[in-house]
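S.K.: Can you keep this structure in mind? I'll have questions shortly.
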């Protein structure tokens, strides 16, 4: 049975070109902090990777990017690092209702320690409510965090507008670009972004690397003191081969962005038009302002974990925001934020496309979804 | 050295009952009917029984819920079919989970409602009989 992988938001295969690229670095010793020759080789490798990240997001210079071990780490450094460093200017933080848990939880943690934490609501498509954002901002708001695009519903946020509003009253805008980077153009300078989070694996790079862009002049402090690597903001010996791979991944994603995004958009649109033909099936997220590789749905009267298990029997891997597949047994906060009732959020299905997907797979996917929905509805007392 | 084995979230038996659930459907004018759960929480089960001389002759279910909700519903119908209602009343959530070779710990409470649905149907039967 052909396996059709449609859960690229969860984990991506590493690009074979990147595996080849990083192979030499796997066996090499060399601490970038060591002064002898091959220590400096490792340092050069990291600096090379840094330039490629700078290039992907059009950052000002090489000093603006630090490497971390994951997007979660980047989000934590961005939020806690700036909040703690700028405590004299205020103790307020803000994030969108659909931001990632690795943004929400550091903010909740600050709240426990005396910060004011507010949530910016979104509309039914998941777009941040700009007038509410304006109202929630104050001169004490140190960090406002809004993700570039959402991983569960694919909606792209109007970052430039958000940036303008944030900078009228508040201090810094942090943007989690994990889902968006390499898929749609990002320009941190034009869009007025102060801090931006990236993940290696979401660019087909190896796991174990992430990056944080920090605009020149943004003040933040270390949240994990140690040897002072990465401008003192992310101590710990650098993961040289993962960082090298992340840089190369960023380069390839940038070069191939237009072609690959155009290709995936066509597949995405076909999936959306076919799957929404199913009775009582609905698109979640924005119909047009959405990531090129992202198709997400909900089906009335059935439950997402069952959809996932049933699709797996066809060799197709999808994701769901159902409570039953989460550790907390709560439905996805994103689906609740866009106004779905709990029973509606339980019936969600997320497909995130990648290089292994093609148009020929669409009829198989659609047939599997159709049969899955039919079978589970036959079992359901709600139909 | 201890070997680390790949442990699927669900046992083969759970997947078998999820894939080929037994006794799906409804019984018209049932002798007993039970409904437990709530779609808001993600699980809803309906159980129908036909009883002759206090023996469960036929049983059907309909379930909205996750894999374990469907599998436990199916399993409980197998366990109850042919049993005297008093015996069937004694079937517990643990019995159902054990017959399925276990359930993930977080599923033991939320999705393991099938025994409750069966008991509700038997209670309904007994109430009707009194009248």
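Taken together, the values in this text are just the output of simple stated rules run on the coordinates, not laboratory data. Please read these numbers as outputs of a predicted model, since none were measured by experiment. Positions of Cβ are generated from backbone atoms using ideal geometry, with glycine treated the same way; all protein chains shown enter the neighbour counts.
S.K.: Stokes-Einstein diffusion coefficient for region B:12-130 at 25 °C in a medium of 0.890 mPa s, Rh from the Kirkwood formula over Cα pairs: what value in µm²/s?
M.R.: 178 µm²/s
S.K.: Using only Cα atoms, locate the centre of region A:334-362 and the centre of region A:24-83, then give the distance between them in Å, rounded to an integer.
M.R.: First find each Cα centre; the distance between them is then 34 Å.
S.K.: Would you calculate the volume per residue, in Å³, of the smallest convex hull containing every Cα atom of region A:124-238?
M.R.: 118 Å³
S.K.: With angles folded into 0 to 90 degrees, how steeply does helix B:67-80 sit against the dominant principal axis of chain B? Use alpha carbons for both and round to 10.
M.R.: Long axis of B:67-80 versus the principal axis of chain B: about 50 degrees.
S.K.: Please express the shape of region A:33-119 as an equivalent ellipsoid: the semi-axes are the square roots of 5 times the eigenvalues of the C-alpha gyration tensor, given largest first in whole angstrom.
M.R.: Output for region A:33-119: semi-axes of 33, 15, 12 Å.
S.K.: Moving on. If each of residue B:38 and residue A:20 carries a label point 7 Å out from its Cα toward its Cβ, how far apart are those two points in nm?
M.R.: 5.8 nm
S.K.: Helix A:101-112 against the longest principal axis of chain A: what's the angle in degrees, Cα atoms only, rounded to the nearest 10?
M.R.: 60 degrees
S.K.: Evaluate 2.2 N^0.38 Å with N set to the residue count of region A:23-73, then give the Cα radius of gyration divided by it.
M.R.: Region A:23-73 yields a ratio of 1.27.
S.K.: Expressed in whole Å with the largest first, what are the equivalent ellipsoid semi-axes of region A:137-196 derived from the C-alpha gyration tensor as the square root of 5 times each eigenvalue?
M.R.: Calculated on Cα positions only, the semi-axes equal 21, 12, 9 Å.
S.K.: Can you say what percent of the DSSP beta bridges in the protein assembly as shown, counting only those with both residues inside, are antiparallel? Round to 5.
M.R.: Percent antiparallel among DSSP bridges in the protein assembly as shown is about 65.
S.K.: What's the exposure ranking of A:64, A:276, B:77, going from fewest to most Cβ atoms within 10 Å?
M.R.: If I rank by nearby Cβ atoms, fewest first, I get A:276, A:64, B:77.
S.K.: Provide A:34, A:322 in ascending order of the number of other Cβ atoms located within 10 Å of each residue's Cβ, fewest first.
M.R.: Lowest to highest Cβ neighbour count: A:34, A:322.
S.K.: Could I ask something else about it? Rounded to the nearest whole Å³, what is the per residue volume of the convex hull around the Cα atoms of region A:225-358?
M.R.: 179 Å³
S.K.: Still on this model: For region A:167-232, max minus min Cα coordinate along each principal axis, in Å, sorted largest first?
M.R.: 36, 34, 14
S.K.: Also, I was wondering about something else. For region A:219-304, state the average projected area of the convex hull of the C-alpha atoms over all orientations, rounded to one decimal in nm².
M.R.: 9.9 nm²
S.K.: Quick check on chain A: helices-only [θ] at 222 nm, where DSSP H runs of length 4 and up contribute -39,500 (n - 2.57) each and the sum goes over total residues. Nearest 500, please.
M.R.: Theoretical 222 nm ellipticity from helices: -12500 deg cm²/dmol.
S.K.: Only counting other Cβ atoms within 10 Å, I'd like B:131, A:169, A:258 sorted with the fewest neighbours first.
M.R.: B:131, A:258, A:169
S.K.: Take the Cβ-Cβ distance between residue A:273 and residue A:62 as r, set R0 to 45 Å, and report the resulting FRET efficiency rounded to the nearest 0.05.
M.R.: Computed FRET efficiency for residue A:273 and residue A:62: 0.55.
S.K.: Can I get the semi-axes of region A:16-252's equivalent ellipsoid? Compute them from the C-alpha gyration tensor as square roots of 5 times the eigenvalues, in angstrom, largest first.
M.R.: 31, 19, 14
S.K.: Working from Cα positions, state the angle (0 to 90°, nearest 10) between the long axis of helix A:37-57 and the longest principal axis of chain A.
M.R.: 50 degrees
S.K.: Another question, if that's okay. For chain A, what relative contact order do you get, as a whole percent, if you take Cα pairs closer than 8 Å and at least 6 residues apart?
M.R.: Relative contact order, chain A: 22 percent.
S.K.: If you don't mind, there's one more thing I want to ask. Once the cut-off is 38 Å, how many percent of the Cα-Cα pairs in the protein assembly as shown end up in the long-distance tail?
M.R.: 37 percent
S.K.: Follow-up. Could you tell me whether region B:27-74 comes out rounded, prolate or oblate from its Cα gyration tensor? Rule is a ≥ b ≥ c as square roots of the eigenvalues, rounded for a/c under 1.5, then prolate if a/b exceeds b/c, otherwise oblate.
M.R.: Note, shape of region B:27-74 comes out prolate.
S.K.: Please identify which residues in region A:190-213 have an amide N closer than 14 Å to a label point set 7 Å out from the Cα of residue A:224, following the Cα→Cβ vector.
M.R.: Only A:208-212 pass the distance filter.
S.K.: Given only helices, namely DSSP H runs of n ≥ 4 each adding -39500 (n - 2.57), what is the per-residue ellipticity at 222 nm of chain B, to the nearest 500 deg cm²/dmol?
M.R.: -12000 deg cm²/dmol
S.K.: Could you work out the relative contact order of region B:12-130, using alpha carbon pairs under 8 angstrom and six or more residues apart, expressed as a whole percent?
M.R.: Once divided by the residue count of region B:12-130, the mean separation gives 32 percent.
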